[in-house]
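A.B. asks: One structure, pasted below without further comment.
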Amino acid sequence: MDPFLSPGSDRLVPPPFTAEESPAVDYVLCTHEHIDHLDLPACVTLARRFPQTRFIVPRPIVEQLTVQGIAEERIQGVQPGEELSLGVARLFPVPAMHGLSCPPARYDFGFEQGGGLYRYLGYVLELEGIHIYHPGDTLVFDGLVEQLRSFDLDIALLPINGRSYFREQKNLVGNMDEREAADLAAAAGVKLLIPTHYDMFVANLGRPGLLIEYVRTVYPQLSCYVPAHGRRFTFTRGDAR
Amino acid sequence: MDPFLSPGSDRLVPPPFTAEESPAVDYVLCTHEHIDHLDLPACVTLARRFPQTRFIVPRPIVEQLTVQGIAEERIQGVQPGEELSLGVARLFPVPAMHGLSCPPARYDFGFEQGGGLYRYLGYVLELEGIHIYHPGDTLVFDGLVEQLRSFDLDIALLPINGRSYFREQKNLVGNMDEREAADLAAAAGVKLLIPTHYDMFVANLGRPGLLIEYVRTVYPQLSCYVPAHGRRFTFTRGDAR
Amino acid sequence: MDPFLSPGSDRLVPPPFTAEESPAVDYVLCTHEHIDHLDLPACVTLARRFPQTRFIVPRPIVEQLTVQGIAEERIQGVQPGEELSLGVARLFPVPAMHGLSCPPARYDFGFEQGGGLYRYLGYVLELEGIHIYHPGDTLVFDGLVEQLRSFDLDIALLPINGRSYFREQKNLVGNMDEREAADLAAAAGVKLLIPTHYDMFVANLGRPGLLIEYVRTVYPQLSCYVPAHGRRFTFTRGDAR
């Protein structure tokens, strides 16, 4: 999901592996077209190396992959409400409220720039009875809490880098921040919160320590996991109780 | 390990269950005699409810259980270097540097008050190839890093409440603090650090947020887990890679 | 400026003195009509106790004072661009971007609810060559940095409580947050930043420690002062060099 595998001089964190080094992959899911979420060179390499790899992206940006030479039949454009079976997993696309560029800051679902369709998505993945929410980039918006509650989420990976006037002046479209991520996870009944989007670019940092301080003070029922880069993590049904 | 199950008005966190509500337990391990680590009323209740329960404690404090009426043959007094088999698990007692009371603050292994034996212990538990370190209460001391490295630890549960002159004036014997815990975990090659000892008593708080901030800044190879109270957690051999 | 002197059970911080205990006051300046900025009962008491007291408020809310029985000739309604002489001081009203209530969250200058006039103001006060900015409540908006730079500010008292979806759902209109306040102060060339609006209501807290951490890391040229409640503070021309 949103594999950002191309090295780059502005990355503070190198990729865990490049697309050339990647193990075989069945599905690549991307939430929107920003480079740190839709890494087109990596997608092209994965498509070339692994004939079975399929790509799942918001429908309005399917063309961004086909113009790179990835065959159309390998790409599945999706919209909220369209449930997909991915082998043993099920995928539920959900809306995300984001923007393509700024200033001026404008956060929406991307209808205008998506030809009337959702251009920014999040995904809920169901795998062996565990429900995981990866929103890509999003603010919190009306109806999101209710939608997430309907999935009985176990894990949420939530961005914490926030938004601000000064970020937006530098063309950094914002996200929920540390407190909003914790508030959202708690309101949605999430069991485990994993913060994301806080340590890749020097101008776009979040503060996981602040998240932990806030969660431990306000939401004793919420567990948090702050992983090392590239570390594997196991979550079982028993962990959700 | 160090089950603190008795309710008390000064607890900020209630026990996940009381000794009367506890599921059956094979082994109770205690690291030292402070009430939040050796809960004698809970031990007595567990001993009464579950005939199979055995108690493992530092040898100098075995008598503190027998005077409560727990049969001597159910208690195993241990010292560093004595490896025990506990069913499918193996237990390795290690020294801890702590104190009984203060002021004056005096941190040692408890030889004097232990009749020449270690009165404060930590434990390394090996279970299905996973090595977990629970130090009870301890400062970092010469040789601890080397000793822990020899176990190839996966998980360390480390206290973060720290020590200070003013704490010690209030008879609060100290521990390593947030940065020392992170430094120790990193120096020992731990994969996953779980902070402990930070939210039970109002006068004895630690700051898990500060730990996370420090770890994410200084030790990118170290994962952290900050659990909700009473939440189950799964760690597999794959997670250690 | 924005004296909030009435006791209240939801205050975490009592007033330094009540309106009945207040020393004589020549001018009361209010930035907007929220209770913690325009304390009408306190204004009425001050007006009764001190015949010389005059009230300066955004022009659209003058009537909120007159209906309380404060004589119209004692109230000066102001707008941005109208410079006032207040004895030895000069006052420069500036726009503020805020809102009356939410949800839905809507931040503007209050033209619609102000009959085409600015309903939310900040103030720059010039006193013995020192320029002090008190924005009341505001987000950062286009043009604010340039306007503040034109005053060659010495001191800015900036709110740090931030805004979020979940605050707004509880009818808490937001403000700039800790990082935005620091970014604004630095961009405006402020010498001394004093955080405000962070410890009065349990649902509306800011984190001055986070401000300090961010400023010390990113803006070494910026001093910060975090006062005890009710403590007097001297700033001289020499302090601004």
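The values are calculated or read from the model by the stated rules, or taken from the named source; none is laboratory data. These numbers come from a predicted model, not from an experiment. Backbone-built Cβ (ideal geometry, glycine too); neighbour counts: all protein chains shown. For the accessible areas, the whole protein counts, side chains as well, though only heavy atoms, and no ligand, DNA or RNA atoms are used. Shrake-Rupley method; radii C 1.70, N 1.55, O 1.52, S 1.80 Å.
A.B. asks: Just the accessible area for C:CYS224, please: 1.4 Å probe, Å², rounded to the nearest 10?
C.D. replies: C:CYS224 exposes around 40 Å² with every protein chain in place.
A.B. asks: Quick one, what does Rg over Rh come out to for segment C:135-178 if you take C-alpha atoms and the Kirkwood Rh? Before the final figure, lay out the partial values.
C.D. replies: Working: Rg = 12.4 Å, Rh = 11.7 Å.
My calculation of the ratio gives 1.06.
A.B. asks: Anyone know which of C:HIS32, C:HIS229, C:HIS98 comes out most mobile in the 10 Å Cα GNM of chain C?
C.D. replies: C:HIS229
A.B. asks: Also, quick follow-up: Considering only C:PRO16, C:GLY162, C:HIS131, whose Cα is most displaced toward the positive end of the charge dipole of chain C, charges sitting on Cβ of Lys, Arg (+1) and Asp, Glu (-1)?
C.D. replies: Farthest towards the positive pole: C:PRO16.
A.B. asks: Under 1.5 on a/c is rounded, so check that first for segment B:181-241, then, if it is not, pick prolate when a/b is larger than b/c and oblate when it is not; a ≥ b ≥ c are the square roots of the alpha carbon gyration tensor eigenvalues.
C.D. replies: On the way: a/c = 2.35, a/b = 1.27, b/c = 1.84.
Oblate shape, in that a/c is at least 1.5 and b/c is the bigger or equal ratio.
A.B. asks: What is segment A:53-119 by shape, rounded, prolate or oblate, if you read a ≥ b ≥ c off the alpha carbon gyration tensor as root eigenvalues and call it rounded for a/c under 1.5, prolate for a/b larger than b/c, and oblate otherwise?
C.D. replies: Working: a/c = 2.63, a/b = 1.45, b/c = 1.82.
Since a/c reaches 1.5 but b/c is at least a/b, the shape of segment A:53-119 is classed as oblate.
A.B. asks: Next question. Dipole of segment A:7-72 (Lys/Arg Cβ +1, Asp/Glu Cβ -1, origin at the Cα centre): which of A:LEU40, A:THR66, A:PRO7 lies farthest to the positive side?
C.D. replies: Farthest towards the positive pole: A:THR66.
A.B. asks: What residues of segment C:188-210 lose no less than 40 Å² of accessible area with every protein chain in place versus their chain by itself (probe 1.4 Å, heavy atoms only)?
C.D. replies: Residues of segment C:188-210 that lose at least 40 Å² of accessible area once the other chains are added: C:ARG207, C:LEU210.
A.B. asks: Follow-up. Placing unit charges on C-beta atoms (Lys and Arg positive, Asp and Glu negative, everything else neutral), compute the dipole magnitude of segment B:103-164 about its Cα centre in debye, rounded to 20. Mind showing how you got there, number by number?
C.D. replies: Working: 4 positive and 9 negative charges, 66 e Å.
Using Cβ point charges on Lys, Arg, Asp and Glu, segment B:103-164 gives about 320 debye.
A.B. asks: Semi-axes of segment C:2-120's equivalent ellipsoid from the Cα gyration tensor, sqrt of 5 times each eigenvalue, largest first, rounded to whole Å?
C.D. replies: Working: eigenvalues 107, 75, 32 Å².
They are 23, 19, 13 Å, listed largest first.
A.B. asks: Starting at the first residue of segment C:130-136, write each ³J(HN,Hα) from the Karplus equation 6.51 cos²θ - 1.76 cosθ + 1.60 with θ = phi - 60°, in whole Hz, x for Gly and Pro.
C.D. replies: Values, residue by residue: 9, 10, 10, 10, 10, x, x Hz.
A.B. asks: In debye, nearest 20, what is the charge dipole magnitude of segment C:189-241 about its Cα centre with +1 on Lys and Arg Cβ and -1 on Asp and Glu Cβ, if you could check?
C.D. replies: On the way: 7 positive and 3 negative charges, 49 e Å.
Approximately 240 debye in magnitude.
A.B. asks: Could I ask something else about it? Binned at 20 Å from 0, what are the whole-percent values of the Cα-Cα distance distribution for the protein assembly as shown, short to long?
C.D. replies: The percentages, shortest bin first, are 15, 40, 33, 12, 0.
A.B. asks: So, one more: Roughly how large, in nm² to one decimal, is the mean projection of the convex hull of the alpha-carbon atoms in chain A? Don't skip to the answer; put the middle values down first.
C.D. replies: On the way: hull surface 51.0 nm².
Computed as one quarter of the Cα hull surface, the answer is 12.8 nm².
A.B. asks: Mind listing the long-range amide H neighbours of C:THR31? Cut-off is under 5 Å, sequence gap 5 or more, other chains count too, H placed in the peptide plane at 1.01 Å from N.
C.D. replies: Here the answer is C:ASP2, since their amide H atoms fall under 5 Å of that of C:THR31.
A.B. asks: Taking +1 at the Cβ of each Lys and Arg and -1 at the Cβ of each Asp and Glu, which of C:GLY230, C:PRO51, B:GLY110 sits farthest along the dipole of the protein assembly as shown towards its positive end, judged by Cα position relative to the Cα centre?
C.D. replies: Final value for the positive-end residue is B:GLY110.
A.B. asks: Which value, in debye to the nearest 20, describes the size of the charge dipole of chain A about its Cα centre when Lys and Arg Cβ atoms bear +1, Asp and Glu Cβ atoms bear -1, and nothing else is charged? Walk me through the numbers on the way to the answer.
C.D. replies: On the way: 21 positive and 30 negative charges, 83 e Å.
Value, rounded to 20: 400 debye.
A.B. asks: Hey, any idea what % of the protein assembly as shown's accessible area is carbon plus sulfur with a 1.4 Å probe? Walk me through the intermediate numbers first.
C.D. replies: Values: 16420 of 31220 Å².
Ligands and nucleic acids excluded, carbon and sulfur give 53 percent.
A.B. asks: How large is the helix-only mean residue ellipticity at 222 nm for chain B, computed as the sum of -39500 (n - 2.57) over DSSP H runs with n ≥ 4, divided by its residue count, in deg cm²/dmol to the nearest 500? Intermediate values should be presented prior to the final figure.
C.D. replies: Values: 6 runs with 47 residues, N = 241.
Dividing the helical sum by the residues of chain B leaves -5000 deg cm²/dmol.
A.B. asks: Would you check the accessible area of A:CYS102, probe 1.4 Å, heavy atoms only, in square angstrom rounded to 10?
C.D. replies: About 10 Å², rounded to the nearest 10.
A.B. asks: Report the local net charge at A:GLN52: Lys and Arg +1, Asp and Glu -1, summed over other residues whose C-beta lies under 15 Å from its C-beta. Kindly include the intermediate steps, with their values, before the conclusion.
C.D. replies: Numbers: positive: A:ARG48, A:ARG49, A:ARG54, A:ARG74; negative: A:ASP26, A:GLU73.
Overall, the nearby charge balance is +2.
A.B. asks: Also, quick follow-up: Say a label goes 7 Å from Cα toward Cβ at B:GLY115 in every copy; what distances in nm does this one have to the rest, shortest first?
C.D. replies: The projected label point of B:GLY115 is separated from its counterparts by 8.5, 9.1 nm.
A.B. asks: Would you mind checking which residues have amide H under 5 Å from B:ARG54's amide H? H placed 1.01 Å from N; only 5 or more apart, or other chain.
C.D. replies: B:TYR27, B:VAL28
A.B. asks: Still on this model: Please compute the net charge surrounding A:ARG11, taking Lys and Arg as +1 and Asp and Glu as -1 over other residues with Cβ under 13 Å from its Cβ.
C.D. replies: On the way: positive: none; negative: A:ASP10, A:ASP36, A:ASP39, A:ASP199.
The answer is -4.
A.B. asks: Buried accessible area between B and A (1.4 Å probe, both chains summed, ligands and nucleic acids excluded), in Å² to the nearest 100?
C.D. replies: Working: alone 11730 and 11750 Å², together 21290 Å².
That pair of chains buries around 2200 Å² in total.
A.B. asks: Counting heavy atoms of the protein chains only and a 1.4 Å probe, report the per residue accessible area for the protein assembly as shown as a whole number of Å².
C.D. replies: Working: 31220 Å² over 723 residues.
Spelled out: the 1.4 Å probe surface of the protein assembly as shown, per residue, equals 43 Å².
A.B. asks: Please list, ordered by chain and number, the residues whose modelled amide H lies under 5 Å from the amide H of A:LEU158; skip anything fewer than 5 residues away on the same chain.
C.D. replies: A:ILE194, A:THR196
A.B. asks: If segment B:45-175 were replaced by its equivalent ellipsoid, with semi-axes equal to the square roots of 5 times the Cα gyration tensor eigenvalues, what would those be, largest first, whole Å?
C.D. replies: Numbers: eigenvalues 126, 90, 35 Å².
For segment B:45-175, the semi-axes come out at 25, 21, 13 Å.
A.B. asks: Could you tell me which residue in chain B puts its beta carbon nearest the axis mapping B onto C, with the distance rounded to whole Å?
C.D. replies: Minimum Cβ distance to the axis, with residue: B:GLU213, 4.
A.B. asks: Also, quick follow-up: If we hang a label 7 Å off Cα along the beta carbon direction at A:GLN221, how far is it from the matching labels on the other copies, in nm, shortest first?
C.D. replies: Label-point distances to the other copies, shortest first: 3.9, 5.0 nm.
A.B. asks: Right, next: On the full set of protein chains, 1.4 Å probe, figure out the accessible area of C:MET200 and give it in Å² to the nearest 10.
C.D. replies: Here the residue's solvent-accessible area equals roughly 40 Å².
A.B. asks: Net charge around C:ALA89, counting only other residues with Cβ within less than 12 Å of its Cβ (Lys, Arg = +1; Asp, Glu = -1)? Please list the in-between numbers first.
C.D. replies: On the way: positive: C:ARG90; negative: C:ASP26, C:GLU83, C:GLU126, C:GLU128.
My count for the surroundings of C:ALA89 gives -3.
A.B. asks: What residues from segment B:9-31 fall in the zone where the backbone N is under 14 Å from a label point 7 Å along the Cα-to-C-beta line of B:ARG48?
C.D. replies: Residues B:19-22 fall inside that zone.
A.B. asks: Compute the convex hull volume of the Cα atoms of segment B:102-241, divide it by the residue count, and report the result per residue in Å³ as a whole number. All intermediate terms of the calculation are to be shown ahead of the outcome.
C.D. replies: Working: hull volume 17.6 nm³, N = 140.
Once divided by residue count, the hull of segment B:102-241 is 126 Å³.
A.B. asks: Only protein chains counted, 1.4 angstrom probe. Which residues of segment C:153-178 are at least 40 Å² less accessible in the assembly than when their chain is isolated?
C.D. replies: Buried-area filter returns C:ARG163, C:TYR165, C:PHE166.
A.B. asks: Now for a different question. Could you pull the copy-to-copy label distances for A:PHE141, with points set 7 Å along Cα to Cβ, in nm to one decimal and sorted shortest first?
C.D. replies: 2.4, 5.9
A.B. asks: Right, another one. Compare B:ALA156, B:ALA188, B:ALA89 in a GNM of chain B, Cα atoms joined below 10 Å, and give the one with the largest fluctuation.
C.D. replies: Comparing B:ALA156, B:ALA188, B:ALA89 in the GNM, the peak value goes to B:ALA89.
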